[in-house]
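The values are calculated or read from the model by the stated rules, or taken from the named source; none is laboratory data. Treat the numbers as computed from the prediction; the structure is a model and nothing was measured. Reconstructed Cβ throughout: ideal geometry from the backbone, glycine too, with neighbour counts over all protein chains shown. What goes into the accessible areas is simple: the full protein's heavy atoms, side chains included, and nothing from ligands, DNA or RNA. Shrake-Rupley method; radii C 1.70, N 1.55, O 1.52, S 1.80 Å.
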Amino acid sequence: MMIRLGILGVGNMGSGHAANVRDGKCPDFVITAIADINPERLSWAKEQKYGEEVAYFEDAIQMLDSGVIDACLIAIPHYGHTTYAIECMKRGIHVMVEKPAGVYTKQVREMNEEAKKHPEVVFGMMFNQRTNCLYRKLRELVQSGKYGEIRRTNWIITNWYRPQVYYDSGDWRATWSGEGGGVLLNQCPHQLDLWQWICGMPVKVRSFMHFGKWHNIEVEDDVTTYVEYANGATGVFVTSTGDAHGSNRLEIQMDRAKFVVEHDKLIMEEYEMTEQQFSRTNTQPFATVNSKWMEVETDGENLQHVGVTNSWGNAILRGGSLVAEGSEGIHGLMLSNAMHLSAFLDKEVELPFDEELFYEELMKRVSTSKRKTDAKAVFADTAGSYGGAK
């Protein structure tokens, strides 16, 4: 049995997903419908030979009501993610949502509540970085209990460089009304998801943001955030789209080890004993606990978008497990919403935060947001980009 798949949105990401199915990388699926509000993009899609029996729609609801799809992959601008996921669920259509889950947690909670009403629908999130063997292994080690508790986490993820032409390629890009945020909502949902997936959620957030610092845009393109965890651990998250050659380094300090993910390697410094044990028994003022560095072996698998899509197909047909349940999308979004709220109010925010207040602050910015009048559509191949950002 083949799953009849509809692709909602054939921009940079949607076209990548469609190509994966067309090229046989997702054998449980066959493309039977594509929808996009851009007539030029639909015309382009028809030339890509996605299949002989593909129906094309300029309206998403028409596609969902057509009866020609069993599942829908949503790859449209952020505000529409929850709206059309809910419409899929109401029709019994399996749904995979591109990141982020939505723009604000209030709408994502509505999506998650609707999902509970439709247990027959397989609902997933496209968190392809969870398939990366480095992060899977790191999560296993951090949560094993062998190395004690987390003391500090630091992630600098500034290799999201985007030139101005990227932002000028769509009137919705980098606007409060069209996208709902900048680097945190477009590029960083993967890292925010991994950060909480590996380390857990913080309880306090203090964020500093620059809006349009490096580009002619409305939203944030430079962010530095400090967080605190319930056990007293602290963390820093730094990101930007303005560094021409940025960094991607995740470091986690624990009681009995330090872990570093950088340059496609997972490195561990393992201590002879915990820092607490050493500090209690050591008699030398400038001594430190003995340790050894090693590169951690992994299973080598990094299946990315194809892996997420295939797990979705397996879940639909055979009851298998998803890489990320759809309901999990709210966690990373909660982090980005808290960061935005902290910057909007210029103060520390505790989690869970006031979701109504965040929505009010966001809507203030939406009300004065201006779409670009001179945007020129440019579609690019995202293959090989970190996370395949839109």
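Each residue in segment 5-32 was checked for being part of a loop (DSSP other than H, G, I, E, B), within 22 Å of Gly170 (Cα to Cα) and of a type in the set (A, V, I, L, M, F, W, C), and 1 of them qualify. Within segment 235-254, the residues that satisfy the criterion of being open to solvent by 10 Å² or more (accessible area, probe 1.4 Å) and either β-branched (Val, Ile, Thr) or closer than 27 Å to Gly300 by Cα (or both) are Val236, Val238, His245, Gly246, Ser247, Asn248, Arg249, Glu251, Gln253.
Taking the conditions exactly as written (surrounded by fewer than 22 Cβ atoms within 10 Å (Cβ to Cβ), acidic (Asp, Glu) and under 21 Å from the mean Cα position of the chain (by Cα)), does Glu120 satisfy them or not? No: the conditions fail for Glu120.
The residue of segment 316-327 that is surrounded by the fewest Cβ atoms within 10 Å (Cβ to Cβ), among those that are more than 21 Å from the chain's Cα centre (by Cα) and either in contact (Cβ under 8 Å) with a residue 40 or more places away in the chain or not in a helix (DSSP H, G or I) (or both), is Gly319. Hey, could you check segment 177-234 for residues that are under 24 Å from Ser367 (Cα atoms) and of a type in the set (D, E, K, R) and say which is surrounded by the fewest Cβ atoms within 10 Å (Cβ to Cβ)? Ranking the candidates gives Lys213 first. Among the residues of segment 27-54, the one identified as of a type in the set (A, V, I, L, M), under 19 Å from His94 (Cβ atoms) and open to solvent by 30 Å² or more (accessible area, probe 1.4 Å) is Val30. For segment 87-110, filtering for residues that are buried (at least 19 other Cβ atoms within 10 Å of the Cβ) and over 17 Å from the mean Cα position of the chain (by Cα) leaves 5. Could we say that Arg139 is in contact (Cβ under 8 Å) with a residue 12 or more places away in the chain and surrounded by 17 or more Cβ atoms within 10 Å (Cβ to Cβ) here? No; evaluated as a whole, the condition is false for this residue. Starting from segment 265-285, take each residue that is in contact (Cβ under 8 Å) with a residue 12 or more places away in the chain and β-branched (Val, Ile, Thr) and list its partners that are open to solvent by 100 Å² or more (accessible area, probe 1.4 Å) and outside any helix (DSSP H, G or I), counting only C-beta distances under 7 angstrom and pairs at least six apart or across chains. So the pair list comes out as Ile267/Trp293; Ile267/Glu295. The residues listed here are Ile93, Ile76; of these, the one that is among the β-branched types (Val, Ile, Thr) and under 15 Å from Leu5 (Cα atoms) is Ile93. For segment 136-150, the set of residues classified as out of contact with any Asp or Glu (no Cβ under 7 Å at 6 or more places or on another chain), within 19 Å of Gln276 (Cβ to Cβ) and either outside any helix (DSSP H, G or I) or polar (S, T, N, Q) (or both) consists of Ser144, Gly145, Lys146, Ile150, listed by residue number. Within segment 113-135, the set of residues being in contact with a helix residue (DSSP H, G or I) (Cβ under 8 Å, 6 or more places away or on another chain), charged (D, E, K, R) and assigned to a loop (DSSP other than H, G, I, E, B) comprises Lys117 only. Among the residues of segment 149-171, those that are surrounded by 17 or more Cβ atoms within 10 Å (Cβ to Cβ) and of a type in the set (A, V, I, L, M, F, W, C) comprise Ile150, Trp155, Ile156, Ile157, Trp160.
When every residue of segment 65-79 is checked against the conditions, none turns out to be farther than 17 Å from Arg41 by Cα, open to solvent by 10 Å² or more (accessible area, probe 1.4 Å) and assigned to a helix (DSSP H, G or I).
Just one of the listed residues (Thr158, Thr153) is hydroxyl-bearing (Ser, Thr, Tyr), touching a Gly at 6+ places or on another chain (Cβ under 8 Å) and under 30 Å from Ser321 (Cα atoms), namely Thr153. Restrict the check to segment 328-340 and report whether at least one residue is among the hydroxyl-bearing types (Ser, Thr, Tyr) and open to solvent by 20 Å² or more (accessible area, probe 1.4 Å). No; the residues of segment 328-340 include none that is among the hydroxyl-bearing types (Ser, Thr, Tyr) and open to solvent by 20 Å² or more (accessible area, probe 1.4 Å). Just checking, how many residues over segment 328-357 are of a type in the set (Gly, Ala, Ser) and within 13 Å of the chain's Cα centre (by Cα)? Qualifying residue count for the region: 3.
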